Each structure stands twice: as C-alpha cells, then as structure tokens.
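Some notes on the structure that comes next.
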Amino acid sequence: MYFYSVLGIEKLKFKPAYNPYTEPSMEVFSYHSGLKKWVEIGNSGIFRPEMLLPMGLPKDVSVIAWGLSLERPTMIKYKLNNIRELVGHKVNLEMVYKNPLCRLDK
C-alpha cells in the first residue's frame, strides 16, 4: 500500500477480519523486526448498508472504511519495542525533538 511505503514500511500481510460495522473487513499487518513478530497496523472494510442508511445515503452507495494507524508504523520505523515510548505520559520528549515525524515549530 502506497501510504505505508511512504513511511518505509515494506513487509505487509493482509488478513480477512470481522468488524461489526463493515463487511467484508480486512486487517493489515507489518513485520516488526525488534519484536520479531507481525503487528497489526491497520484495518479496513466496506461499511454495511444499515450503517449508511441513517446518514441518508442510498442503498446502492458503497463507502470504504480505512483505519490506517500512525503509531504502529512509527514504532517500526524508529525501532521502538513498546508503544508507550511513543504515546502517553512516559514519552521521551528528547526522542521527539531528535526524530520528528511532524515538526510543529515553524
């Protein structure tokens, strides 16, 4: 997938999944070399018609749902083994300043 390739994530696996709001559904996994295992980095599917009707959309309209995370691909890119090093109150701000994924200082 182009989105992940821009982030430098090359090894991907796709697996059918169950989600109550989408059918069919699919999970996206990438290999984390530090953890030596595949980790889920995204989820997707086509919204079920009963989810779209309350929004006033016609029955013949299909809407794709994408849940493409940033946290897990960032863990893989920066070789972090614990998501708490990236999000939450234990984040090392020095790491954020040295390796900015998004700069907000300009």
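The values are calculated or read from the model by the stated rules, or taken from the named source; none is laboratory data. None of these values were measured; they are calculated from a predicted model. Please note: Cβ atoms are built from the backbone with ideal geometry, for glycine as well, and neighbour counts cover all protein chains shown.
All conditions but one from (1) touching a helix residue (DSSP H, G or I) at 6+ places or on another chain (Cβ under 9 Å); (2) modelled with pLDDT under 90; (3) not in a loop (DSSP other than H, G, I, E, B) apply to residue 28; the one that does not is (2).
Give me a count of the residues in region 23-63 that are within 18 Å of the chain's Cα centre (by Cα) and without any contact (Cβ under 8 Å) to a residue 12 or more places away in the chain. Of the residues in region 23-63, 1 are within 18 Å of the chain's Cα centre (by Cα) and without any contact (Cβ under 8 Å) to a residue 12 or more places away in the chain. If you go through region 2-20 and keep only what is among the hydroxyl-bearing types (Ser, Thr, Tyr) and in contact with a helix residue (DSSP H, G or I) (Cβ under 7 Å, 6 or more places away or on another chain), you end up with just 4. When 70, 53, 57, 93 are checked against the criterion of being within 30 Å of residue 36 (Cα to Cα) and surrounded by 10 or more Cβ atoms within 10 Å (Cβ to Cβ), 70 stands alone in meeting it. Just one residue in the set 40, 23 is within 22 Å of residue 87 (Cβ to Cβ), of a type in the set (D, E, K, R) and either in contact with a helix residue (DSSP H, G or I) (Cβ under 8 Å, 6 or more places away or on another chain) or part of a strand (DSSP E or B) (or both); that residue is 40. Considering only residues in region 64-85 that are part of a loop (DSSP other than H, G, I, E, B) and either free of Cβ contacts under 8 Å to residues at least 40 places away in the same chain or in contact with a Lys or Arg (Cβ under 7 Å, 6 or more places away or on another chain) (or both), the one that is nearest to residue 46 (Cα to Cα) turns out to be 69. Scanning region 1-18 for residues that are part of a loop (DSSP other than H, G, I, E, B) and of a type outside the set (A, V, I, L, M, F, W, C) yields 8, 10, 11.
If you filter region 1-12 down to residues that are of a type outside the set (A, V, I, L, M, F, W, C) and either surrounded by fewer than 12 Cβ atoms within 10 Å (Cβ to Cβ) or in contact with a Leu (Cβ under 6 Å, 6 or more places away or on another chain) (or both), you find that the one that is farthest from residue 49 (Cα to Cα) is 8. Listed conditions (1) loosely packed, with under 12 Cβ neighbours inside 10 Å; (2) within 30 Å of residue 97 (Cα to Cα) are all met by residue 15, apart from (2).
Considering every residue within region 89-103, establish whether at least one is in a loop (DSSP other than H, G, I, E, B) and under 15 Å from residue 1 (Cα atoms). There is no residue in region 89-103 that is in a loop (DSSP other than H, G, I, E, B) and under 15 Å from residue 1 (Cα atoms).
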